[in-house]
1. Those residues that are over 28 Å from the mean Cα position of the chain (by Cα) and at pLDDT 95 or above, I need them from the range 5-51; list them, please.
2. In the range 17-29, which residue that is without any contact (Cβ under 8 Å) to a residue 24 or more places away in the chain and of a type outside the set (A, V, I, L, M, F, W, C) is farthest from residue 96 (Cα to Cα)?
3. Which ones in the range 77-101 are in contact with a Leu (Cβ under 9 Å, 6 or more places away or on another chain), hydrophobic (A, V, I, L, M, F, W, C), crowded, with 20+ Cβ neighbours inside 10 Å and over 11 Å from residue 33 (Cβ atoms)?
4. Can you give me the number of residues within the range 102-153 that are surrounded by 10 or more Cβ atoms within 10 Å (Cβ to Cβ) and either touching a strand residue (DSSP E or B) at 6+ places or on another chain (Cβ under 6 Å) or small (Gly, Ala, Ser) (or both)?
5. Considering only the range 123-132, state which residues are in a loop (DSSP other than H, G, I, E, B) and either out of contact with any Ser or Thr (no Cβ under 9 Å at 6 or more places or on another chain) or polar (S, T, N, Q) (or both).
6. Select from the range 1-29 the residues that are surrounded by 10 or more Cβ atoms within 10 Å (Cβ to Cβ), under 28 Å from residue 88 (Cα atoms) and out of contact with any Gly (no Cβ under 9 Å at 6 or more places or on another chain) and list them in ascending order.
Amino acid sequence: MEKEKKEKAYEQYVKEKTPVHNVWLNMAKAFVTGGGICVLGQVILNYCSSQGLSKEISGAWTSVVLVFLSVLLTGLNVYYKIAKWGGAGALVPITGFANSVAAPAIEYKKEGQVFGIGCKIFTIAGPVILYGVVTSWVLGVVYYLLIKSGVTL
């Protein structure tokens with residue numbers, strides 16, 4: 001009887017403390033945030049193109065500017081607020097990856113250049129880089145084998 005009472009009290013406590021999420025609102029916020037980042041990228045791309053840069057160079061400049069802005073906003077502790085509000089909309093694009101590299105570097109800088117920044121900078125981004133490289137390698141081998149076996153893609 002005592003155990004049952006404790007379990008009910010615990011269930012009530014968990015119910016009170018667990019935040020209730022509105023999935024539709026969260027998806028709308030992610031859409032607006034990710035869309036805003038993409039619109040900013042398109043504005044940068046269009047500006048670079050209007051200055052006479054080629055498509056490839058304009059794309060490179062767009063990536064560089066978006067990464068720079070992400071790192072700058074991370075350093076100013078603004079990107080965290082954007083990501084908290086926009087959820088996956090702020091974490092999925094290239095800006096989210098730049099944030100995942102910059103945030104640990106800023107957080108661990110007090111531990112020094114080698115054991116702080118050097119060891120911790122890829123804490124979050126490391127698995128993404130690792131699995132991206134491995135997947136690219138595997139797909140490259142598969143592609144090579146398909147080409148060698150006469151399959152045209």
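1. Selection gives 50, 51.
2. By that ranking, first place goes to 17.
3. Across the range 77-101, the qualifying residue is only 98.
4. Counting residues in the range 102-153 that are surrounded by 10 or more Cβ atoms within 10 Å (Cβ to Cβ) and either touching a strand residue (DSSP E or B) at 6+ places or on another chain (Cβ under 6 Å) or small (Gly, Ala, Ser) (or both) gives 11.
5. Here is the first cut: in the range 123-132, the residues in a loop (DSSP other than H, G, I, E, B) are 123-124.
123 - this is the single residue of the range 123-132 that is in a loop (DSSP other than H, G, I, E, B) and either out of contact with any Ser or Thr (no Cβ under 9 Å at 6 or more places or on another chain) or polar (S, T, N, Q) (or both).
6. 28
Residues are listed down the side, and each one gets a yes or a no for (1) exposed (fewer than 13 other Cβ atoms within 10 Å of the Cβ); (2) more than 13 Å from residue 88 (Cα to Cα); (3) touching a residue at least 24 places away in the same chain (Cβ under 8 Å):
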| residue | (1), (2), (3) |
| --- | --- |
| 31 | no, no, yes |
| 38 | no, yes, yes |
| 46 | yes, yes, no |
| 53 | no, yes, no |
| 56 | yes, yes, no |
| 63 | no, yes, yes |
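The values are calculated or read from the model by the stated rules, or taken from the named source; none is laboratory data. These numbers come from a predicted model, not from an experiment. We place every Cβ from the backbone using ideal geometry, glycine too, and count neighbours over all the protein chains shown.
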